[in-house]
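Below is one structure, written out as structure tokens; the observations come after it.
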Amino acid sequence: MSNVEDFIRSFGMSGMMLTDDIRNLEQAMGLELGHTPSTSSPAHIDFYPQFEQSVRAEATRMAEHYEVFYCLEKSIRKLITESCQDLDGDNWWASPRIPPKIVADCTERAKREMDNAITLRSEAPIDYTTFGELSVIITSNWDVFTTTFKSPVAVQKVMASLNLLRGPIAHCCLLSDDEAVRLQIAVRDWFRMIG
């Protein structure tokens, strides 16, 4: 093997080691130096780099909490839909099970989207409910959910806690470390309640 080949091999290895060092530095410091394409940031948006690095770092940190809450809220809506559909069929939303005020409020939210010429978020009315309204639907139909959950009081308490924790996530505020732990516990409480 020639000196040139040794030199090229050494150069390549040095580059790989440098890339690993940069990646480790990014992870340790919570930075994104841009040496490799990121799958977690919307780099395809032209104006994204114009936001402050600290705000982008907060967004990356909060994305994890948003993802957990997104999955939780979608799964609660699915649970309610399937449980009510089993009893009342496809027209379950129009049944007396759903409080009239919730139906009216969801109808108004969908109308507001339509009147503002934006794409409707969903054709399913339950997708227009607030998190608090989901709790009301469950507890006001306890006969439907008695085999799913252990206690209506526990449902109210856990959902009230989750609703409070949802605020900073939904309104783009940084969730403190203590509240991030509290969110993890509340989500565990949710799954613990399920019978």
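Evaluate the charge dipole of the chain about its Cα centre and quote only its size in Debye, nearest 20, assuming +1 on the Cβ of each Lys and Arg and -1 on the Cβ of each Asp and Glu. Walk me through the numbers before you get to the answer.
Values: 19 positive and 28 negative charges, 140 e Å.
It works out to roughly 680 debye.
Skipping prolines and chain starts, which residues have an amide H placed within reach, meaning under 5 Å, of the one on F149, given they are 5 or more residues away or on another chain?
HN-HN under 5 Å from F149: G195.
Under a cut-off of 21 Å between alpha-carbon atoms, report the lysines in cross-link reach of K74, not counting same-chain residues fewer than 8 places apart.
The qualifying lysines are K150, K157.
³J(HN,Hα) across the stretch 146-154 via Karplus (A = 6.51, B = -1.76, C = 1.60, θ = phi - 60°), whole Hz, x for Gly/Pro?
Coupling constants for the stretch 146-154: 4, 8, 8, 10, 7, 7, x, 5, 4 Hz.
FRET efficiency for D20 and Q53, Cβ-Cβ distance as r, R0 = 22 Å, nearest 0.05?
So, using R0 = 22 Å, E works out to roughly 0.50.
Considering only S14, I126, Y66, whose Cα is most displaced toward the positive end of the charge dipole of the chain, charges sitting on Cβ of Lys, Arg (+1) and Asp, Glu (-1)?
The residue sitting farthest along the positive end of the dipole is I126.
Per 5 Å bin, what percent of the C-alpha pairs of the stretch 88-191 does each bin hold, from zero upward?
2, 11, 17, 18, 18, 16, 11, 5, 1
In nanometres, what is the gap between the two model label sites at D88 and I185, each 7 Å from Cα along Cα-to-Cβ?
Going by the 7 Å Cα→Cβ label model, 3.6 nm.
Please determine, in degrees from 0 to 90 and to the nearest 10, the orientation of helix 53-88 with respect to the longest principal axis defined by the Cα atoms of the chain, where the helix direction is its Cα long axis.
30 degrees
Please list, in order along the stretch 162-176, the HN-Hα scalar couplings obtained from phi with the Karplus expression 6.51 cos²θ - 1.76 cosθ + 1.60 (θ = phi - 60°), rounded to whole Hz, x for Gly and Pro.
So the J values, rounded to whole Hz, are 4, 5, 5, 5, 5, x, x, 5, 6, 10, 6, 10, 6, 7, 5.
If you average the alpha carbon positions of the stretch 164-195 and of the stretch 84-142, how far apart do those two centres end up, in angstrom?
Comparing the Cα centres of the stretch 164-195 and the stretch 84-142, I get a distance of 24 Å.
Kindly write out, for the stretch 178-191 in residue order, the coupling ³J(HN,Hα) from the Karplus curve 6.51 cos²θ - 1.76 cosθ + 1.60 (θ = phi - 60°), rounded to whole Hz, with x marking Gly and Pro.
With the stated coefficients, the stretch 178-191 comes to 4, 6, 5, 5, 4, 4, 4, 5, 5, 5, 4, 4, 4, 6 Hz.
To the nearest whole percent, what portion of all C-alpha pairs in the chain is separated by more than 20 angstrom? Write out the running numbers ahead of the final one.
Values: 12918 of 18915 pairs.
The proportion of pairs with Cα distances above 20 Å equals 68 percent.
Read-outs throughout are calculated quantities, based only on the coordinates presented, and are distinct from any laboratory measurement. Here the structure is a predicted model, which means the values were calculated and not measured. Note: ideal-geometry Cβ built from the backbone for every residue, glycine included; neighbour counts use all protein chains shown.
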